[in-house]
Amino acid sequence: MRGYTGTKDDYLKRLRRVEGQVRGIARMVEEDTYCIEVLTQVSAVTKALQAVSLGLLEDHIGHCVVDAAAESQEAKDVKVREAADAIARLVRS
């Protein structure tokens, strides 16, 4: 079981909404919409994806890291490293 299993439906709803927003942005570009309006929508999609990322990260720490810590120090270290690497990727993006 993954850490986000309990909130999977919520994540899927958010991601479908983001998918619709991205299609809307593509349509805006096809229709030569003013660039600032397109950028505003890109910013909204970026924020929505960041919210999904932070939620998944919280779920990972609350479930996967906590379970690994109960298992062994080595398992905990692996999961903490995964979380740290994920945070580094999010910060760079």
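Which listed residue (A84, L12, A70) has the Cα farthest towards the positive end of the charge dipole for segment 5-92, taking +1 on Lys and Arg C-beta and -1 on Asp and Glu C-beta about the Cα centre?
Result: L12.
Let me have the 222 nm mean residue ellipticity of the chain computed from DSSP H runs of 4+ only, each contributing -39500 (n - 2.57), with the sum over all residues rounded to the nearest 500.
Helix-only estimate at 222 nm: -27000 deg cm²/dmol.
Could you state, as a whole-number percent, how many of the C-alpha pairs of the chain are farther apart than 18 Å?
The calculated P(r) of the chain puts 57 percent of pairs beyond 18 Å.
Which lysines have a Cα lying under 23 Å from the Cα of K8, excluding residues fewer than 8 positions away in the same chain?
Correct list for K8: K47, K79.
In degrees between 0 and 90, to the nearest 10, how far off the longest principal axis of the chain does helix 8-30 point, with axes built from Cα atoms?
30 degrees
Each value in this text was obtained by applying a stated rule to the coordinates, not by laboratory testing. The shown structure was predicted, so the numbers you read here are calculated from the model rather than taken from an experiment. Cβ sites come from the backbone with ideal geometry, for glycine too, and all protein chains shown count toward neighbours.
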